[in-house]
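J.: Quick one: the structure is below, and I'll ask about it shortly.
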Amino acid sequence: MKMFQRFHLAAASLLVGLALAAPSHAAEHVVHMLNTGKDGSMVFEPDFIRVAVGDTVVFKPTQKGAHNSASLLLPAGAKSWKSAFDVEVKVKMEKEGVYLYVCEPHKVMGMVGVIQVGKPVNLAEAKAVAARESATFATGKDRFAKALAQVK
C-alpha cells in the first residue's frame, strides 16, 4: 500500500509542478482603427481575426478620426465593450463564438469587424445580424459578409 500512496503523491506533485511552471499561452492580437486602409476608407485592419479563448484583442487608434470599438453581437455569456474615441482598448476573449464589432461613428460607412474565438457556435445568429446591419450601411455593405466568409 505504501508504494501506491507514494506513487500517487509523486504523480500529484509532478502535475501541480507542471501546471505552475507551464507558460501562459494567451496571445495578444492587434486590430488597427484606420481612416484609410488596404480595403478603403474607415476600416479595421485586419477586419477578421481568429483567436483562442483567453487571448486579448487590442484595438489601436492608429489614425485619429473619432474611431472607437464597440461590440455589436457576442456569444452567450461574453462581456460587451465600448471604447472612448481614439483610445486604445484591450478586450479579453473569454467565450467561444463569433463576435461582431463596429466603430459607432463610422458604422454607416461599413467600419466593422469579426472575431472568431474557438468554434463559431453562434455563426447563424452572427450572419443574420450582419445581414440586417449591412443593409443600413451607405458604403462597405459587403464588409461583414467578406469577414464572415473566413469563419471556419
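Just so it is clear, none of the values below were taken in a lab; they were calculated from the coordinates. Just so it is clear, the model here is predicted, and its values are computed rather than measured. Positions of Cβ are backbone-derived with ideal geometry, glycine not excepted, and every protein chain shown enters the neighbour counts.
J.: Under a plain spin-label model, where a point goes 7 Å from the Cα along Cα-to-Cβ, how far apart in nm are LYS152 and ALA27?
T.: It works out to 1.3 nm between the two label points.
J.: What aspartates and glutamates could a cross-link reach from LYS152, if we take a straight Cα to Cα line under 17 Å and drop same-chain neighbours fewer than 8 places away?
T.: Of all the aspartates and glutamates, those that pass the test against LYS152 - Cα under 17 Å, at least 8 places apart if same chain - are ASP47, GLU96, GLU125.
J.: Given R₀ = 25 Å, FRET efficiency for VAL58-LYS38 by Cβ-Cβ distance, to 0.05?
T.: FRET efficiency, VAL58 to LYS38: 0.80.
J.: For segment 28-148, with equal point scatterers placed on the C-alpha atoms only and solvent neglected, what are the log10 I(q)/I(0) values from the Debye formula at q = 0.12 1/Å, to two decimals?
T.: The Debye formula, applied to the Cα set alone, gives -0.36.
J.: Another question about this same structure. Please report THR136, THR56, THR62 as a ranked list, fewest other C-beta atoms within 10 angstrom at the top and most at the bottom.
T.: Fewest-to-most ranking of THR136, THR56, THR62: THR136, THR56, THR62.
J.: Please list, ordered by chain and number, the residues whose modelled amide H lies under 5 Å from the amide H of HIS32; skip anything fewer than 5 residues away on the same chain.
T.: GLU45, LYS60
J.: Still on this structure, I have one more. Compute the separation of the alpha-carbon centres of segment 67-89 and segment 125-152 and state it in Å as a whole number.
T.: Using only Cα atoms, the two centres lie 17 Å from each other.
J.: Looking at segment 28-148 only, what percent of DSSP beta bridges run antiparallel? Nearest 5 please.
T.: 70
J.: 7 Å from Cα along Cα→Cβ at both ASP86 and ARG132: what's the point-to-point distance in nm?
T.: 3.4
J.: In what order do PHE44, PHE85 fall by count of nearby beta-carbon atoms within 10 Å, going from fewest to most?
T.: Listed from fewest to most nearby Cβ atoms, that is PHE85, PHE44.
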